[in-house]
């Protein structure tokens, strides 16, 4: 499928992924966002990557870890069919040692005094997350749908961690970033004008 999408071809070539890709027209991240996190993964060599939502990004980050010879992706996915589909591509490329796609259904959760639907958190590492990629849950589920990610994960971050929030051009995501910065003023924020906008928050 992605062989017919030229914006993804440079990523396929860079990572030598030519046996198909888990591309979904309505849900997959844009190529420029994926390029940004791929470059960061190859440069910074994170040991423990947590990803909210699975798909193309999971496959490519797992491949980066394989190239690096270290690191692992844990991907939280609320849709069982999407989780199974992503796993099938991870297996196809022999990347099971570098990625774990976890079916994590959305559950009611109180975060900072507000009720949200967010991923079951059993599989989230207790410590050491040094790259956090946030591309879910879907924004239509609730207002500030992705807000819980940092509050849940902040105590589990490594001393240095880079956080990548996709869709950051949207009003909801801009409000989330402002809320996070208010709660964690030490975070440094960079905005990248990708197709859907990306906010990078640096911890440590």
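I'm trying to understand the selection: among the residues of segment 171-188, which are in a helix (DSSP H, G or I) and exposed (fewer than 14 other Cβ atoms within 10 Å of the Cβ)?
Selection gives 171, 175, 178, 182, 183.
So how many residues does segment 137-165 have that are surrounded by fewer than 15 Cβ atoms within 10 Å (Cβ to Cβ) and assigned to a loop (DSSP other than H, G, I, E, B)?
Total satisfying the criteria: 1.
For the condition in contact with a strand residue (DSSP E or B) (Cβ under 9 Å, 6 or more places away or on another chain), modelled with pLDDT of 95 or more, within 23 Å of residue 40 (Cβ to Cβ) and surrounded by fewer than 23 Cβ atoms within 10 Å (Cβ to Cβ), what is the one hit in 124, 134?
The unique qualifying residue is 124.
All but one of (1) within 21 Å of residue 156 (Cβ to Cβ); (2) surrounded by 21 or more Cβ atoms within 10 Å (Cβ to Cβ); (3) within 15 Å of the chain's Cα centre (by Cα) hold for residue 116, so report the exception by its number.
Unmet condition: (3).
Any idea how many residues of segment 10-58 are crowded, with 20+ Cβ neighbours inside 10 Å, in contact with a strand residue (DSSP E or B) (Cβ under 8 Å, 6 or more places away or on another chain) and more than 22 Å from residue 147 (Cα to Cα)?
2
Given the conditions (1) part of a loop (DSSP other than H, G, I, E, B); (2) buried (at least 16 other Cβ atoms within 10 Å of the Cβ); (3) more than 15 Å from the chain's Cα centre (by Cα), report the number of the one that residue 168 does not fulfil.
(3)
The values are calculated or read from the model by the stated rules, or taken from the named source; none is laboratory data. Keep in mind that this is a model prediction, so the values were computed, not measured. With ideal geometry, Cβ positions are generated from the backbone for all residues, glycine too; neighbour counts draw on all protein chains shown.
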